[in-house]
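Worksheet: one structure, shown below.
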Amino acid sequence: IIYSPLGFIKNGPYGSPEDNFKHYRGVEVKHGRIAMAATVGMLVQQTTRFEGFLSPSENLKFSDIPNGLKALDAVPLSGWCQMIVLIGAHELLIKQVEGKAPGDFGTGYFGFTMDDQSSKQLSGLSAEVSNGRLAMLGILGMFASEIVHNGDVLVETKIFG
């Protein structure tokens, strides 16, 4: 039985409730993976700087780009175009494998295939969904922290005194 209090699963665009659930779970897994990468990226950019040029034609170095959300205004248009093309290619080329578990995009999982449906695999996929949900909330919290602390995510705060 699939629990869907708002009816998204039962009345979704993919026919049966099972097909709708598989689609939405696949999307959740993909977004969770992106959020986990974004969370790590936010922490890395607070502690590390790459050397070299982001855009040699505009004489723009990586060190000239601010961290976090402030980088949205500093990246040149050509950089945004490259990111959009990369994301679009990923969306067009990496698809859910028909008949496989939600989140199986046919690319393997750190060298392991995902087709045995063992208890270890199902437990790992369940943990990935939970960690992805946590990462989605974590990246939103980092964005909020960055806004509150004027651009810094890793800020020491005193709760008492």
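The values are calculated or read from the model by the stated rules, or taken from the named source; none is laboratory data. The shown structure was predicted, so the numbers you read here are calculated from the model rather than taken from an experiment. Methodologically, a virtual Cβ is constructed for each residue, glycine included, from the backbone with ideal geometry; neighbour enumeration extends over all protein chains shown. These accessible areas exclude ligands, DNA and RNA; they are computed on the full protein's heavy atoms, side chains included. Shrake-Rupley method; radii C 1.70, N 1.55, O 1.52, S 1.80 Å.
Quick notes
- Net charge of the neighbourhood of E91, taken over other residues with C-beta under 15 Å away and scored Lys/Arg +1, Asp/Glu -1, is +3.
- Environment charge of K70, counting only residues whose C-beta is closer than 15 Å and scoring Lys/Arg +1, Asp/Glu -1: -3
- Summed side-chain charge close to E128 - residues other than E128 whose Cβ falls under 14 Å, Lys, Arg +1, Asp, Glu -1: +3
- Excluding ligands, DNA and RNA, the accessible surface per residue across the chain is 73 Å² with a 1.4 Å probe.
- Sites I147 and V85 - FRET efficiency at Förster radius 25 Å, r taken between beta-carbons, to 0.05: 0.30
- Couplings 3J(HN,Hα) of the stretch 15-21, computed from phi: x, 6, x, 5, 5, 5, 4 Hz, in residue order, whole Hz [Karplus 6.51 cos²θ - 1.76 cosθ + 1.60, θ = phi - 60°; x for Gly and Pro].
- Between 0 and 90°, nearest 10: helix 119-148 axis offset from the chain longest Cα axis: 30
- Taking all protein chains together and rolling a 1.4 Å probe, K95 ends up with roughly 120 Å² accessible.
- Between the Cα long axis of helix 77-93 and the first principal axis of the chain there is an angle of about 10°, rounded to the nearest 10.
- Placing +1 on the Cβ of every Lys and Arg and -1 on the Cβ of every Asp and Glu, with no other charges, gives the chain a dipole of roughly 260 debye about its Cα centre.
- In a DSSP loop and with at most 14 other Cβ atoms within 10 Å, the chymotrypsin sites (Phe, Trp or Tyr not before Pro) in the stretch 28-100 are F50.
- Overall form of the chain: prolate. Here a/c, set by the Cα gyration tensor axes a ≥ b ≥ c, is 1.5 or more, and a/b is the larger of a/b and b/c.
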